[in-house]
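Quick notes on the structure that follows.
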Amino acid sequence: MDSKKIYEKIKDIELEYVSLKKELEQQKIFESKLWSYLKEDKEEFRLFWFKYIEFFEKLKKILNATRYRKMFFKIDYNKLVLRKYLIHFYYSVISDLLEVFWAHNEYIRVFLDENFKKDYWVYAKYIYKPRFIYIYNTPILFIEPFKSYIDKDIFDLIYKIKTVASIKRIWSDYDNLFFWIKYRVDKFLFSVFRFVWNVIAHTRFSTRNYWLITYENCLKYIEIAKPWDILLTRWNWNASNISIPWFWKHMAMYIWSWEYLKSNFEWAYIDNLDLNKHYIIEATSKWIYIEEFDYFVSKIDYLGVARTSFGDDKIKRVIGNSFVNLWKEYDFIFNYYSDRRFVCTALVLKSYSKEFSSDDWIEIELEKISVWLAYLPNNFIKKLNEEAQKENPSIFGVFFIDSIEKTWENFINSVDELLKSWSRPKLSMFLK
């Protein structure tokens with residue numbers, strides 16, 4: 001491609017970028033709360049990002065056409081100027097993206113990683129090639145002596161070059177490098193933690209070979225159960241308790257009976273479920289799957305039940321949202337932003353998340369675990385306690401099967417005790 005054609009394409013792609021950047025800044029996903037991204041906004045952004053992919057591919061193609069050495073090392077100074085201008089332009093595009101992402105940077109990075117083979121980092125790292133960095137840092141005064149060899153219009157591009165400010169550039173380079181390393185470290189840690197966690201999950205520090213909960217007490221819950229109740233559980237003396245802060249250790253969802261599912265959902269997997277049995281859905285170290293309620297409660301010592309005040313339409317959408325995630329992997333690195341892998345709380349609360357602006361949802365506060373945001377089961381009981389003080393709570397406690405570890409008793413306790421249970425000791429040895 002000759003220099004004049006490249007110059008014309010540069011003018012076209014600059015105009016395209018002005019429009020593209022404006023559209024990016026207007027994406028509604030950047031108006032969301034940091035841990036609650038609307039389903040409609042995510043889909044809009046996903047479709048929009050294809051435009052950026054197309055834009056980057058065009059920009060790379062033009063940049064690759066600016067190779068400026070001819071035979072016997074003779075330099076095409078027109079292409080040298082065009083190359084320098086495009087490298088600066090490319091770099092500023094990457095910097096602009098980070099500036100727009102800003103507080104949403106972590107989520108957007110994860111979202112792009114999981115939705116596109118060529119994500120943001122693929123295009124960001126392209127500019128870090130030595131041959132580009134060398135040209136980027138070449139002072140303009142080194143080119144000016146060769147002005148007579150350069151077309152006037154092309155030479156004038158030198159004075160239009162926008163160099164990213166040094167502080168902004170350092171921040172941008174650090175951020176890109178950090179996430180490039182983190183992405184690879186997370187893949188390694190995921191494999192390590194999966195092995196370690198599976199060993200821990202099957203280790204108990206007790207001679208007691210059964211769990212305290214009784215089926216008679218579970219039947220009392222079944223009498224008042226409703227579809228999509230939120231179940232909080234705990235098992236004593238499991239090694240995994242050490243790694244999960246506070247008293248409550250696990251969260252699942254009760255999806256009611258086969259008859260309910262069959263009459264409300266057209267889903268092939270329902271035909272494989274047994275008639276008249278009740279089911280839950282949960283995320284465990286195996287994967288996300290549907291489990292018989294009887295088996296689920298046979299391996300716990302405590303059961304707390306919460307319920308929302310949402311209507312049937314929302315509840316059915318919650319069930320549909322969770323079914324979409326069946327058989328996905330457990331998230332051993334606790335990244336709440338991931339939609340590819342889930343921990344137990346993320347499965348439940350993301351199913352109840354806000355899908356559009358006027359939707360009901362369970363509002364939560366995430367906390368940092370390692371370098372990622374997560375939500376602990378115990379925090380949900382704290383949330384219930386806070387909601388109980390409101391006139392119209394969105395979630396509330398409905399049932400509590402409690403235990404006394406020292407005497408191996410199991411009994412029905414009050415909802416008030418459930419709301420206070422978040423403050424109980426983390427370790428089984430300190431329980432009454």
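Values in this text are rule-based calculations from the coordinates and carry no lab data. These numbers come from a predicted model, not from an experiment. Neighbour counts are summed over all protein chains in view; Cβ atoms, including those assigned to glycine, are modelled from backbone coordinates with ideal geometry.
Of note:
- Among 404-413, 345-354, 112-121, the order from most to least packed when residues are scored by Cβ within 10 Å on average: 345-354, 112-121, 404-413
- Pairwise centroid distance, computed over Cα atoms, of the stretch 292-340 with the stretch 77-118, Å: 37 Å
- Listed peptides 270-283, 9-22 appear in the order 270-283, 9-22 once ranked by packing, highest mean of other Cβ atoms within 10 Å at the front.
- Of (1) 24.2; (2) 36.4; (3) 26.1, the label for mean projected area of the Cα convex hull in nm² derived from the coordinates: (3)
- In the stretch 160-217, the chymotrypsin sites (Phe, Trp or Tyr not before Pro) that fall in loop regions by DSSP, at most 11 other Cβ within 10 Å: Y210
- Computed from label points 7 Å out along Cα-Cβ, the spacing between H202 and Y183 is 3.4 nm.
- Per-residue ellipticity at 222 nm computed for the chain from its helices equals -14500 deg cm²/dmol, with DSSP H segments shorter than 4 residues left out and the rest contributing -39,500 (n - 2.57).
- With a threshold of 31 Å on the Cα-Cα distance, the over-threshold entries among K28/K328; K28/K426; K28/K249; K42/K160 are K28/K426; K28/K249; K42/K160.
- Relative contact order %, the chain, counting alpha carbon pairs below 8 Å whose residues are six or more apart: 15 percent
- Average Cα contact separation per residue, the stretch 1-160, under 8 Å, 6 or more apart, as relative contact order %: 27 percent
- Burial ordering of T66, T138, fewest other beta-carbon atoms within 10 Å first: T138, T66
- Too-long pairs where the Cα-Cα distance tops 20 Å, listed order kept, from K22/K152; K4/K152; K9/K162; K314/K350: K22/K152
- The packing ranking, built from the mean of other Cβ atoms within 10 Å per residue, places the peptides 306-319, 124-137 in the order 306-319, 124-137, highest first.
- Loop-resident sites, the stretch 171-266, for trypsin sites (Lys or Arg not before Pro), counting at most 14 other Cβ within 10 Å (DSSP): R208
- Tilt relative to the chain, helix 105-115 - C-alpha long axis, 0 to 90 degrees, to 10: 90 degrees
- GluC sites (Glu not before Pro) restricted to DSSP loop in the stretch 204-273 with at most 10 other C-beta within 10 Å: E266
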